[in-house]
1. Can you find, among Asn173, Cys200, His123, the residue farthest towards the positive end of the dipole of segment 94-211? Put +1 on the C-beta of Lys and Arg, -1 on that of Asp and Glu.
2. Largest first, please: the extent of the C-alpha atoms of segment 71-130 along each principal axis, to the nearest Å.
3. Going through segment 353-410, which GluC sites (Glu not before Pro) have at most 14 other Cβ atoms within 10 Å and a DSSP loop state?
4. Would you work out the charge dipole size for segment 1-160 about its Cα centre, treating the Cβ of every Lys and Arg as +1 and the Cβ of every Asp and Glu as -1, and quote it to the nearest 20 debye?
5. For the peptides 183-190, 566-573, what is the packing order when you average, over each peptide's residues, the other Cβ atoms within 10 Å and list the highest mean first?
6. Using the heavy atoms of the protein chains alone and a 1.4 angstrom probe, what is the accessible area of segment 420-463 per residue in square angstrom?
7. So what is the relative contact order of segment 461-562, in percent, for Cα pairs below 8 Å that sit 6 or more residues apart?
8. Using Cα centres only, tell me the gap between segment 329-403 and segment 468-530 in whole Å.
Amino acid sequence: MTFETSNVSEPWPQLQLESVIGFNGHVISGLRVHPDREHLIYPLGSTVILKRIKDDKQEFLQGHTNNVSCVSVSRSGSYIASGQLNFMGFKAPIIIWDFAQRREYTQMVLHNSKVEALSFSPHDKYLVSLGGQDDGRIVVWNIETKQAICGSPASAQSAGHCLTVHFSNTNDNVFVSAGSETLRVWELDVHNRKIRPTECQTGKLRRIVNCVEISEDDQFIYCGTTSGDIMKINLERRLMADCGPLKTKYSQGVNVLRALKSGDLLVGSGSGTFSLCSKTNFKTLKQVQLEKGVTSIALRGEGQQFFAGTEAGQIYSFSYDDFKAELISTSHTSPVNEVAMCFGTSELFATCSAEDIRVWHIHKPKELLRITVPNMTCNAVDFMVDGHSIISAWNDGKIRLFAPESGRLMILIPNAHRMGVTAIAGTRSCRRIVSGGGEGRVCVWELQPHGHKLLDTMKEHKATVTCIKIKSNDKVCVTASEDGSCVIWDIERFKSLRLLLANTMFRSVCYHPEEYQIITGGRDGLITYFDVCDGETIRNIAGSPSGAAINAIDISQDGRHFVTGGDEKIVKVWDFMEGDVTHVGVAHGGSVTSVKLCCNNSTLISTSADGAIFRWRFPHPPSSS
């Protein structure tokens with residue numbers, strides 16, 4: 001047995017990202033429309049996505065090392081700025097991107113842990129940035145020199161945390177900050193390198209301000225609050241002019257505001273109501289209910305069309321005239337537990353998550369089918385080889401088979417496992433299913449024309465079965481478990497053939513195409529090769545320099561390369577014989593939960609705990625031998 005560590009100092013080549021499915025609806029005002037009116041801009045994980053509106057073509061700005069926390073676009077459209085989260089005690093960088101070149105213009109580092117908000121000055125001279133709670137500073141940057149001009153604590157010591165900043169629409173030297181019982185207008189003195197705040201007077205009102213919008217003529221500041229009302233402040237006099245609506249406030253607070261040319265306001269609330277309200281008395285003129293809280297509103301052009309993003313990971317399109325919501329983008333919002341490829345085709349794949357299974361077209365990242373089981377979580381999903389059914393494992397202990405075109409429930413196997421079904425696989429003959437449960441049992445089921453039959457239950461594991469793979473002859477399978485064992489089973493005689501042990505909690509297992517070896521990944525971050533015949537360990541490779549868990553493994557059809565993903569949030573492609581990394585994919589904002597290679601070895605799909613789905617170009621063409 002050998003133990004090997006891949007060279008972590010090597011700058012590995014990057015995987016090419018081809019498309020993504022996902023939208024982080026938890027970034028306030030993260031959805032933007034570029035001034036060219038042709039592109040949507042939004043973050044997902046550590047990537048900023050540029051999506052062309054007319055044909056959904058995607059481009060990617062990659063350079064952040066952790067989740068993007070805020071996005072801003074300059075008035076001219078020349079620049080995009082994005083800030084990120086980082087670990088406690090580490091600096092959180094801001095990246096300004098050159099939109100025309102689609103590349104990094106500069107990177108600026110001063111804030112600790114998180115960049116809370118960003119805003120460009122109206123003539124692209126300056127960028128103002130706000131640090132998170134662990135930082136609490138406002139910094140003004142000169143875009144031309146790429147240097148900080150000055151900074152200041154965002155709030156007075158007696159006030160709470162600052163949550164947002166917004167530049168004036170006409171004056172490069174005036175901006176507004178707001179947050180918990182703080183609302184300030186700042187004036188920039190470039191000559192003396194200082195910013196000077198003036199407190200806005202709101203009388204007896206004490207509010208936590210979520211968002212700020214300034215009227216086009218810079219006459220008024222509109223502040224959306226957690227209390228569900230909107231404060232109207234005279235910018236020049238720093239005095240409150242109005243507050244409303246008086247009777248029916250916005251449920252769960254006002255998350256986002258946008259002012260139209262007419263002066264009326266678009267309002268997005270935490271309860272999912274999207275409203276057009278009057279500029280005079282905040283009376284609701286039009287309203288529509290969306291799924292979950294509205295966190296972004298983006299105007300296209302003069303405001304005849306606008307887009308709304310929600311916490312449900314969905315993007316809607318509206319026109320001003322009819323004010324009807326058209327759903328243009330959907331995504332998972334909870335962890336994607338598994339991805340499955342349709343056998344023999346590289347066109348379709350399925351993902352499973354809390355409450356639903358979704359089927360996607362691989363080249364047009366759009367949802368083709370959604371199968372929902374309310375209040376249940378789908379732990380595993382797979383296509384039967386003939387493509388006639390989708391088999392799925394659920395936490396209520398049931399196995400469900402669905403028709404892949406209609407989503408119709410074909411077969412329901414109740415009480416399959418006492419502590420939920422956690423893993424599932426189908427044989428190539430499409431006559432049997434092997435399932436694993438939270439209690440450690442492995443069951444073999446026979447599918448019949450009008451039902452099902454339990455053939456046998458095999459007990460060897462002491463903990464949750466996490467992964468099942470069946471050999472091509474349909475006679476043998478291997479199961480991985482959190483008890484630190486992998487078991488090779490004879491599924492015709494229903495007995496164990498080999499017991500493979502390691503000091504870890506196995507998360508994933510995979511047969512080499514020639515089926516003489518298996519590779520495993522687990523909580524200890526090791527990739528282990530086992531010999532199928534004698535069950536001996538052949539080699540151990542450190543899959544992650546930090547020891548982060550390996551959650552998923554898949555291997556190419558020629559057996560020359562395999563792919564891993566885990567808590568490190570990085571997708572890695574490995575050379576099977578050498579045991580070295582050949583390429584890495586850095587874009588996920590959460591732990592990688594599943595990886596799958598298409599049957600033609602040209603495309604790689606990875607999913608993560610934040611609900612994102614990424615499609616990468618696989619860098620190694622299929623072997624001709």
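The values are calculated or read from the model by the stated rules, or taken from the named source; none is laboratory data. Predicted model only: the values in this text are computed from it and were never measured. Virtual Cβ from ideal backbone geometry, glycine too; neighbours counted across all protein chains shown. We work out accessible area using only protein heavy atoms, side chains counted, and drop any ligands, DNA or RNA first. Shrake-Rupley method; radii C 1.70, N 1.55, O 1.52, S 1.80 Å.
1. Cys200
2. That works out to 35, 21, 14 Å along the principal axes.
3. Qualifying residues, ordered by number: Glu405.
4. Around 420 debye, computed over segment 1-160.
5. Top of the packing list down: 566-573, 183-190.
6. In whole numbers, segment 420-463 has 44 Å² accessible per residue.
7. RCO, segment 461-562: 19 percent.
8. Each part's Cα centre sits 24 Å from the other's.
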